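Student: Here's a structure for you.
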Amino acid sequence: MNPASLSTAELDALAAGLNQLAHNLWWTWNQEAQEIFQELSPRGWQNLYHNAVAVLHEVSDYELRVRLQDREFAARVRAVLAAFREYMDEPATWGRQTAPALQTHPVAYFSAEFGFHETLPIAAGGLGILAGDHAKSASDLGIGFVGISLFYREGYFQQAINQENWQTEYYTQLHPENLPVEAVLDAAGRPLVCSVEITSGAVYFQVWRVNVGRNPVYLIDANRPENAPHFRDLTLRVYGGDTTTRIMQEMLLGIGGVKMLRALGLKPSVFHMNEGHAAFLTLELMREKVANGAAFAAAMAATRQECLFTTHTPVEAGHDRFSPELMEYAMHRYCAQLGLPWAEVLGLGRVNPANGGEPFCMTVLALKVCRAANGVSELHGEVSRHMWQELFPGKTVGEVPIGHITNGIHLQGWMKGTVRRFWRKRLTTSGTGANWDREINSPEFWARMADPAFISDEELWALRYGLRRELIEFARRRLGMRNTAAEFIAFDQLLDPDALTIGFARRFATYKRAPLIFQQMENIVRLARDPARPVQFIFAGKAHPRDDEGKRFIQHIIHLSKYTDMQGHLVFLENYDVHVARQMVSGCDVWLNNPRRPLEASGTSGMKAGCHGCLNLSILDGWWREGYDGTNGFAIGVDAHAPTIEEQDRVDSANLYRTLTEQVIPTFFDRDAGGVPRRWIQMVRRAMVTLVPQFSTSRMVAEYTKKFYTTS
Ligand SMILES: *Cc1c(COP(=O)(O)O)cnc(C)c1O
């Protein structure tokens, strides 16, 4: 045998290590780990949508062992596995030092959705993405943390556009064996099964664990043979079905989540409700105390000390409300164990408990049974204090106990490979990227962006050009796949690699006003078709399956892209998800956001744009109201909004057009003799210095830890 070849024991260890790595989402924010899975099967990587577990199934065990005999490849695998072990075993994390008590009594973070990666599509939008980023940063910081959510067997819907340019929805089954999830087992090695009392009987569930770096996120799955078929499908789809399904999903999440934690022997010190969906967990915490002999009032007081609540939207429909009849049907039997008359149970979810006609509101329950609550930006905190003032009689708006912690994003997770490699090479002090993971969240690291000694204007412009081309080629490929012969456009000529590229992608909720810019249709056409200074638009996003208004927005934009003079200068990319999002936020020059102020509680996609050197053009709502400083991007309008919807739409679209023509376009096309847009590049530098470290989940989770997780 060749003395340099690997022994069977070494091959076993590397193969087992790769399998473990594929089942820990850490690989999604480590460039070298990703490249190993990609290299194992480049085409599988693409076709299986970047699914490391599935790639390992595609490559036979025999092939893997043969390939590992490539010494250079084996060395890289060894290095990645060593980096992973070092990460997992690090003794002196920020969290261990700052919040040691959380190591044994972790934060239990409940969210109805988690968006981690394109291969686990169990998020509907920004709320879930934020939860995923929160979990990743909790791991990086090393705080004790467990996540709780539901395992949706059909996930969130996939979007297809039909002949009428109308959104249709379809669902695909998720197969746990092909996903980065592991069954949670009991002591006997069988799936751990718990139950919740729903209507008049027990609904059973099992649990899947997602390893998010150092921490687990548990997903509750009602698809158990013990259950009647309609209960098995309770966890079929994200926010699927009617309000009956909804209340039962929320019972599984809140009540089932606490029961599961107890079955695992966990005693969290904090129960953090990410939005009101999980608020029933407060009932289970109170029930436990009542069962142990406490009076209800004492149980409630003690439970409040354990609970935190983050509210995420000022949009009315975003706050779940259930009729007294539905509450009675789904929960009466369960609530009998609370030791409280039924009318008083209903009162826990009412602003006015005596009003028998008032529905039960999950936000109200959460606000009543938590020791601290927060909105997700400064303005949203203020709006929330107004919204819920009624709940705190005798308090002025300013005294309403709802604060704010502004959202962020998980930087390493969002950066496209090209950009991760580039910042790492150019901005780390060593130039080798050795301490990249430690440095990336610090303001000092990003401050180097101001210094041309680290990156020249020319180099930065070259990076931006490359990213724009990657996006345009991605868009051409996606559009080419979907179009029918009848609508054939020459895809490879769609979009102009030299044009100022403006992106808009998010849920098509009507308050986000996707088509606002086309209120100035003739003007926009003129801008787009200007041969000297061309501008183009890329849109993407899903409308909620029952939101016909949102679907009309999509139809309108696609219609403009196909049948008007915008053709070739405007495209709509189907089936928006984390992968499409990453292509768009990295490749666009400008990220457009024009919500109806103040309804965008925070917004996070603009932060993802920021870390790729894409500039924001946005209404001063949510995070941008805090981020914008006059030098680091563009504001639409001022820090105020018109009193009526009609006026707001009119004023905002005029301001949008003005900022575009007076600031964005002239700056982008102001090139010097060498062809470099110096003023634009200067703005990109300013944006990265001022925004990237500030609007990260590293800063955000540290803030939650210091303000909320470690105080009581
Ligand atoms: C970031 C993100 C969102 C949230 O975007 P907003 O700007 O906050 O609306 C929604 N969906 C996906 C897939 C995302 O990546």
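The values are calculated or read from the model by the stated rules, or taken from the named source; none is laboratory data. The structure displayed is predicted, hence computed values, not measured ones. Cβ sites come from the backbone with ideal geometry, for glycine too, and all protein chains shown count toward neighbours. When the accessible area is computed, the model is the full protein with side chains, heavy atoms only, and any ligands, DNA or RNA have been set aside. Shrake-Rupley method; radii C 1.70, N 1.55, O 1.52, S 1.80 Å.
Student: In the range 252-274, how many are in a helix (DSSP H, G or I) and touching a helix residue (DSSP H, G or I) at 6+ places or on another chain (Cβ under 9 Å)?
Tutor: The total comes to 9.
Student: Here is a further query. Which ones in the range 122-143 are crowded, with 24+ Cβ neighbours inside 10 Å and not in a helix (DSSP H, G or I)?
Tutor: Residues satisfying the conditions are Ile122, Ala123, Ile143.
Student: Identify all residues within the range 56-70 that are without any contact (Cβ under 8 Å) to a residue 24 or more places away in the chain and open to solvent by 70 Å² or more (accessible area, probe 1.4 Å); write none if there are none.
Tutor: Glu58, Tyr62, Val66, Asp70
Student: For Trp436, state whether it is free of Cβ contacts under 8 Å to residues at least 24 places away in the same chain, in contact with a helix residue (DSSP H, G or I) (Cβ under 9 Å, 6 or more places away or on another chain) and among the hydrophobic types (A, V, I, L, M, F, W, C).
Tutor: Yes.
Student: Further question on the same structure: Return the residues of the range 262-296 that are under 25 Å from Cys361 (Cβ atoms) and among the aliphatic types (A, V, I, L, M); say none if nothing qualifies.
Tutor: Once the filter is applied, which keeps residues that are under 25 Å from Cys361 (Cβ atoms) and among the aliphatic types (A, V, I, L, M), the range 262-296 yields Val270, Met273, Ala278, Ala279, Leu281, Leu283, Leu285, Met286, Val290.
Student: Now for a separate question. Leu599 fails exactly one of the following numbered conditions: (1) open to solvent by less than 30 Å² (accessible area, probe 1.4 Å); (2) in contact with an Asp or Glu (Cβ under 8 Å, 6 or more places away or on another chain); (3) within 13 Å of the ligand (Cβ to nearest atom). What is the number of that condition?
Tutor: Among (1) open to solvent by less than 30 Å² (accessible area, probe 1.4 Å); (2) in contact with an Asp or Glu (Cβ under 8 Å, 6 or more places away or on another chain); (3) within 13 Å of the ligand (Cβ to nearest atom), the lone unmet condition for Leu599 is (1).
Student: Of everything in the range 489-529 that's within 16 Å of the ligand (Cβ to nearest atom) and among the aromatic types (Phe, Trp, Tyr), which residue is farthest from Asp589 (Cα to Cα)?
Tutor: Tyr511
Student: Sort through Gly627, Gly606 and tell me the only one that's modelled with pLDDT of 95 or more, under 21 Å from the mean Cα position of the chain (by Cα), within 27 Å of Glu647 (Cβ to Cβ) and within 12 Å of the ligand (Cβ to nearest atom).
Tutor: Sole residue among the options that is modelled with pLDDT of 95 or more, under 21 Å from the mean Cα position of the chain (by Cα), within 27 Å of Glu647 (Cβ to Cβ) and within 12 Å of the ligand (Cβ to nearest atom): Gly606.
Student: Right, another one. Within the range 570-579, which residues are of a type outside the set (S, T, N, Q) and either over 29 Å from the mean Cα position of the chain (by Cα) or closer than 27 Å to Ile122 by Cβ (or both)?
Tutor: Across the range 570-579, the qualifying residues are Phe572, Leu573, Glu574, Tyr576, Asp577, Val578, His579.
Student: If you don't mind, another one. Pairs please, first residue from the range 514-542 and under 25 Å from Gln159 (Cβ atoms), second anywhere and modelled with pLDDT of 95 or more and small (Gly, Ala, Ser), Cβ atoms under 6 Å, 6+ apart in sequence or on different chains.
Tutor: Filtered contacts from the range 514-542: Leu516/Ser653; Gln519/Ser653; Gln536/Ala499; Ile538/Gly503; Ala540/Ala505; Gly541/Ala505.
Student: Of the conditions (1) in contact (Cβ under 8 Å) with a residue 12 or more places away in the chain; (2) hydrophobic (A, V, I, L, M, F, W, C); (3) farther than 24 Å from Glu306 by Cβ; (4) out of contact with any Pro (no Cβ under 6 Å at 6 or more places or on another chain), Leu348 clears all except one; give me its number.
Tutor: Of the numbered conditions (1) in contact (Cβ under 8 Å) with a residue 12 or more places away in the chain; (2) hydrophobic (A, V, I, L, M, F, W, C); (3) farther than 24 Å from Glu306 by Cβ; (4) out of contact with any Pro (no Cβ under 6 Å at 6 or more places or on another chain), the odd one out for Leu348 is (3).
Student: Given (1) of a type outside the set (A, V, I, L, M); (2) assigned to a helix (DSSP H, G or I); (3) open to solvent by 50 Å² or more (accessible area, probe 1.4 Å), identify the lone condition not met by Gln694.
Tutor: Unmet condition: (2).
Student: Can I ask one more? State all residues of the range 382-396 that are in a loop (DSSP other than H, G, I, E, B) and open to solvent by less than 90 Å² (accessible area, probe 1.4 Å); if no residue qualifies, say none.
Tutor: Residues satisfying the conditions are Trp388, Phe392, Gly394, Lys395, Thr396.
Student: Report yes if Val345 is in a loop (DSSP other than H, G, I, E, B) and either hydrophobic (A, V, I, L, M, F, W, C) or at pLDDT 95 or above (or both), otherwise no.
Tutor: Taking the combined requirement at face value, the residue does not satisfy it.
Student: Of all residues in the range 565-593 being more than 14 Å from the ligand (Cβ to nearest atom) and surrounded by fewer than 22 Cβ atoms within 10 Å (Cβ to Cβ), which is nearest to Leu660 (Cα to Cα)?
Tutor: Met566
Student: Kindly establish whether Ala295 is assigned by TED's automatic domain parsing to the domain that holds Glu378 and either free of Cβ contacts under 8 Å to residues at least 24 places away in the same chain or buried (at least 17 other Cβ atoms within 10 Å of the Cβ) (or both).
Tutor: No: the conditions fail for Ala295.
Student: Here's another thing I want to ask about it. Would the range 133-141 turn up any residue that is touching a helix residue (DSSP H, G or I) at 6+ places or on another chain (Cβ under 9 Å) and closer than 22 Å to Leu234 by Cβ?
Tutor: no
Student: When you look at Gly339, is it in contact (Cβ under 8 Å) with a residue 24 or more places away in the chain, surrounded by fewer than 20 Cβ atoms within 10 Å (Cβ to Cβ), more than 16 Å from the ligand (Cβ to nearest atom) and more than 30 Å from the chain's Cα centre (by Cα), yes or no?
Tutor: When the stated conditions are applied, Gly339 passes them.
Student: Determine, yes or no, whether Ile148 is of a type outside the set (Gly, Ala, Ser), under 24 Å from Gly240 (Cβ atoms), assigned to a loop (DSSP other than H, G, I, E, B) and open to solvent by less than 10 Å² (accessible area, probe 1.4 Å).
Tutor: Taking the combined requirement at face value, the residue does not satisfy it.
Student: Then there's this: Within the range 612-623, take every residue that is in contact with a helix residue (DSSP H, G or I) (Cβ under 6 Å, 6 or more places away or on another chain) and within 12 Å of the ligand (Cβ to nearest atom) and give me the one that is nearest to Leu656 (Cα to Cα).
Tutor: Filtering first and then ranking leaves Ser618.
Student: For the list (1) farther than 23 Å from Gly115 by Cβ; (2) under 26 Å from the mean Cα position of the chain (by Cα); (3) buried (at least 18 other Cβ atoms within 10 Å of the Cβ), I need the number of the one condition that Phe360 fails.
Tutor: It fails just one condition, (2).
Residue-by-condition table, conditions (1) over 24 Å from the mean Cα position of the chain (by Cα); (2) among the charged types (D, E, K, R); (3) modelled with pLDDT of 95 or more:
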position	(1), (2), (3)
Val397	yes, no, yes
Ile405	no, no, yes
Thr432	yes, no, no
Arg478	no, yes, no
Ile489	yes, no, no
Leu494	yes, no, no
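Student: Can you tell which of Asp639, Asp629 is out of contact with any Asp or Glu (no Cβ under 7 Å at 6 or more places or on another chain) and over 30 Å from Glu459 (Cβ atoms)?
Tutor: Asp639
Student: Okay, moving on. Identify the residue in the range 197-220 that is assigned to a loop (DSSP other than H, G, I, E, B) and under 19 Å from Val107 (Cα atoms) and, among all such residues, is most open to solvent (accessible area, probe 1.4 Å).
Tutor: This residue is Arg214.
Student: Would it be correct to say that Gly622 is surrounded by 24 or more Cβ atoms within 10 Å (Cβ to Cβ) and within 17 Å of Ile538 (Cα to Cα)?
Tutor: Judged against the criteria, Gly622 is not a match.
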